[in-house]
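Here's the structure we're looking at; comments come further down.
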Amino acid sequence: MDILHYTRQRLQGILDEVSCLAESDFPYPDPREALNILRGFFENGLKSLSGAQADDAAREACAICLRDIFLHLPLLGFISRSTDVRNSFEMVRPFTRLAGSTLKLDGSDYLRLILSSEWEYSPFVYIHVPAIPCYMLIGLPASESSNPLLLPLAGHELGHRVYEKLQPSTDFETLVAHAVVSAAQARWGEYKTHFPDVDCDPARLFEDSAGYETLELAVEWALRQAEETFCDFLALRIFGQSLLYATAYLLSPRIAEAERPVYYPNIVARIDNLMRASEQYGVQIPTAYRNMFSDLIEPNLSPTQGFLLSLADEAVKDKVVPDLINIVDEYASDAGLPKRSHADEEEERRIRSRFDKVAPAEDCSSIAHILNAAWGAYEDESMWQHYSKLRSNKRRVLSDLILKSLEVFEIEQVTGGEHPQ
Amino acid sequence: MCARELTSFEKKVVWEMEGDLPSLACRAAIALDKLMQREQTDLDVVKRLVKMLGNYVKYSESGAPVPANGTGPSPLVTPKTLVIMKQAMYDSALAQNLTRVTQVREQVFEVASRLGKLVQEPPVSDNDNEELKQLRSFCLALSRQASAHKPMPFDQSVKHPYRR
């Protein structure tokens, strides 16, 4: 038995699997390129073990290789499922275009997108730098992966890329750490019951090593909550009301028996945050929107962990959210995404009139307009009231109209709006 | 699959993927091992680690660590980073009893400077082995601590750490 030998064999197994997957038919080039990147990554892992002695450092390197396999094997599955024809490939290029402009990318700094249908009911993204930098991997539940009405939720996933891009200049860590420490200082008596051994003046909590360390979990949780909230806000700022509808469609009222992940504010707080941001962004909140949702069960934590989670929640709600609303607003304006105005409503009415005639829209200026018009149509019970066949297939017909409109939009973008003679 | 050469974009992405703290610190430890054995090795990974440590410490323009002013979070930024760095110092016996955040930051700054010096002037004599041994020990401890404080969550709510 030899740890190094086993590790090399495991890496070779991954490389063989990558080779097999690369034989698949990919409808667009990004997934194949991702496979190539993973091949390079694991080949380098293999090389890093060449000549390694069986010592403590090599043992650690083997552990890291095993972690990398653990982390990346699901990505291979994701890439494999991206070839599935149930995916709405029409969404890929318009969304990539939107992502490129939102991220203010130039020629040297570009983004790839892989869309996949997943067998879990949650839109998610594999986005952290150690996975595949420059890639957005968006998975929608298989039962909804051909439903373009949910495209606004991909805006949340785009938010993770923007957050990452802004991190160096905005220093979210400092903002969040400051908010958590302030929350702890404000509840010092309670803090001391949980951490009686910390012996420092509350005002010096930043400087006392032992004291500052007690807030590790609270700061980590608050950081993750801040990132998720930022992403909600960016998606809202880009897609407007359609994001609110898509969120309600996917998540309301709550998942029974599910515990609230500590990395997100609980559902109602999350909705409150979205409503707060909607006011600033000029987004109309659907009637009785908040009542659509209920909170998930709070996690079963120890009293001290519960206290730390309450500090994280409080810090994000009271101190971080107002800053995030402004940061996203400023960023979006800089990226050429103007705040909603009367002109947007006019444009959405025009698109809606095309949908009423069961025709895709032309000359659209953004995919957000298409989706807002589509959600307006979806929610309008009087639509196609004299056409029973259309009414009974409303979601499918509307989905086709959205996808066709997205295709037209993309062609117009590529051709610069010139129609062929 | 035709194992073609990676494009420059693909190479850049792979390079970024290899930039997490546990991996960098571990590979730096292996590179220092090779230096001790006078084997040829690429010190790019050590250079990257020095840069990463610098981001945690936050150097001023003059190259000195940014002083703590007591009015905001430490330039070590998060408590997690503080814990990782402090424990790595303790595990590698580079320091003990660091009670102030400022002390930890100064130690990180010092070890980053020592690693930076190694990159600029790779040692040529056996007299340097003690320094190499100490720094290797720190890199390995740092890798382990960073792994320990970035556990892959196995809880039900997040089955995969990159899944949101």
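From A:LYS357, A:LYS339, grab the single residue that is under 29 Å from A:VAL414 (Cβ atoms) and either modelled with pLDDT of 95 or more or touching a Pro at 6+ places or on another chain (Cβ under 8 Å) (or both).
Working: A:LYS339 fails: either modelled with pLDDT of 95 or more or touching a Pro at 6+ places or on another chain (Cβ under 8 Å) (or both).
Result: A:LYS357 is the single residue among A:LYS357, A:LYS339 that is under 29 Å from A:VAL414 (Cβ atoms) and either modelled with pLDDT of 95 or more or touching a Pro at 6+ places or on another chain (Cβ under 8 Å) (or both).
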Out of (1) hydrophobic (A, V, I, L, M, F, W, C); (2) within 13 Å of chain B (Cβ to nearest Cβ); (3) exposed (fewer than 15 other Cβ atoms within 10 Å of the Cβ), the one A:ALA256 does not meet is (2)
- Are any of the residues in the stretch A:270-289 part of a helix (DSSP H, G or I) and farther than 30 Å from A:ASP380 by Cβ? no
Looking for something away from chain B (no Cβ under 11 Å), crowded, with 22+ Cβ neighbours inside 10 Å and part of a helix (DSSP H, G or I) - is there at least one such residue anywhere in the stretch A:142-149? yes
Of the candidates A:VAL414, A:VAL408, A:VAL397, the one satisfying the condition of being over 23 Å from A:ALA343 (Cα atoms) and modelled with pLDDT of 95 or more is A:VAL397
Assess whether A:LEU158 counts as being at pLDDT 90 or above and either surrounded by fewer than 17 Cβ atoms within 10 Å (Cβ to Cβ) or more than 10 Å from chain B (Cβ to nearest Cβ) (or both). no
* Can you find a residue in the stretch A:178-193 that is surrounded by 16 or more Cβ atoms within 10 Å (Cβ to Cβ) and either outside the structural domain of A:ILE325 (by TED's automatic domain parsing) or under 30 Å from A:ALA335 (Cα atoms) (or both)? -> yes
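Which residues, counting only those in the stretch A:20-51, are of a type in the set (Gly, Ala, Ser), free of Cβ contacts under 8 Å to residues at least 12 places away in the same chain and part of a helix (DSSP H, G or I)? Give the steps one after another, and end with the answer.
So the first thing to find is which residues in the stretch A:20-51 are of a type in the set (Gly, Ala, Ser), and the list is A:22, A:24, A:34, A:40, A:45, A:48, A:50-51.
If we keep only those that are free of Cβ contacts under 8 Å to residues at least 12 places away in the same chain too, we end up with A:40, A:50-51.
A:GLY40, the sole residue that qualifies.
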- Within the bounds of the stretch A:293-314, is there any residue that is of a type in the set (Gly, Ala, Ser) and either farther than 22 Å from A:VAL181 by Cβ or modelled with pLDDT under 95 (or both)? yes
Counted residues in the stretch A:232-270 being more than 23 Å from A:LEU309 (Cα to Cα) and charged (D, E, K, R) come to 1
Within the stretch A:7-14, is there a residue that is out of contact with any Gly (no Cβ under 7 Å at 6 or more places or on another chain) and facing another protein chain (nearest Cβ under 8 Å)? no
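The values are calculated or read from the model by the stated rules, or taken from the named source; none is laboratory data. Everything quoted here is computed from the prediction, not taken from an experiment. Cβ atoms come from the backbone with ideal geometry, glycine included; neighbour counts cover every protein chain shown.
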